[in-house]
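The values are calculated or read from the model by the stated rules, or taken from the named source; none is laboratory data. The model shown is predicted, which means the values in this text are computed figures rather than measured ones. In this analysis, Cβ positions are derived from the backbone assuming ideal geometry, glycine residues included, and neighbour counts consider all displayed protein chains.
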Amino acid sequence: MDPDKVNSIVNWKIPTNRTLCKGFIGSVGYLADDIYKVHIPLGVLAEASAETKPFVWGYMEQHIFEAAKAYTTACASSSRVPLDYGPNANLIWVMTNACGNGIGGVVAQGKEWCTAKVAAFY
């Protein structure tokens, strides 16, 4: 993950309305979309920012807000990385798999496919 983007999540101010809460949900969801522990907390925050009821920020929302920031920070170094296209960059690996009921793929970069860092997956 981009360290500047992780820092923006860590330093995110407590949302005071549903628009700011949705901004946080979108930013974390985009940056940490492959961190499974973040999806459930974001779902609770999405419910809190729903248009169908008044926006209320209480203890539970604050706890979940802090947990989402902590999960994002903890997984920052092991998450997806941007591809390096420079002249001395490592190889880019594209691996796919398919079967009768699904497909999958991964783009990774590194010296060997088995130790490459994941840049994207489907």
Top-ranked residue of the range 6-21 - restricted to ones that are of a type outside the set (S, T, N, Q) and part of a loop (DSSP other than H, G, I, E, B), ranked as surrounded by the fewest Cβ atoms within 10 Å (Cβ to Cβ): 13
Assuming residue 113 fulfils every condition listed in (1) loosely packed, with under 11 Cβ neighbours inside 10 Å; (2) modelled with pLDDT of 85 or more; (3) farther than 23 Å from residue 31 by Cβ apart from one, which condition is it? (1)
Output the number of the condition that residue 118 fails; it satisfies all remaining conditions of (1) loosely packed, with under 14 Cβ neighbours inside 10 Å; (2) within 19 Å of the chain's Cα centre (by Cα). (1)
Complete set of residues in the range 22-74 that are surrounded by fewer than 20 Cβ atoms within 10 Å (Cβ to Cβ), hydrophobic (A, V, I, L, M, F, W, C), part of a helix (DSSP H, G or I) and touching a residue at least 40 places away in the same chain (Cβ under 8 Å): none
Quick one: residue 88 ticks every box in (1) of a type outside the set (Val, Ile, Thr); (2) in a strand (DSSP E or B); (3) modelled with pLDDT of 90 or more bar one, so which box is it? (2)
So how many residues does the range 89-110 have that are surrounded by 12 or more Cβ atoms within 10 Å (Cβ to Cβ) and either within 15 Å of residue 122 (Cβ to Cβ) or not polar (S, T, N, Q) (or both)? 8
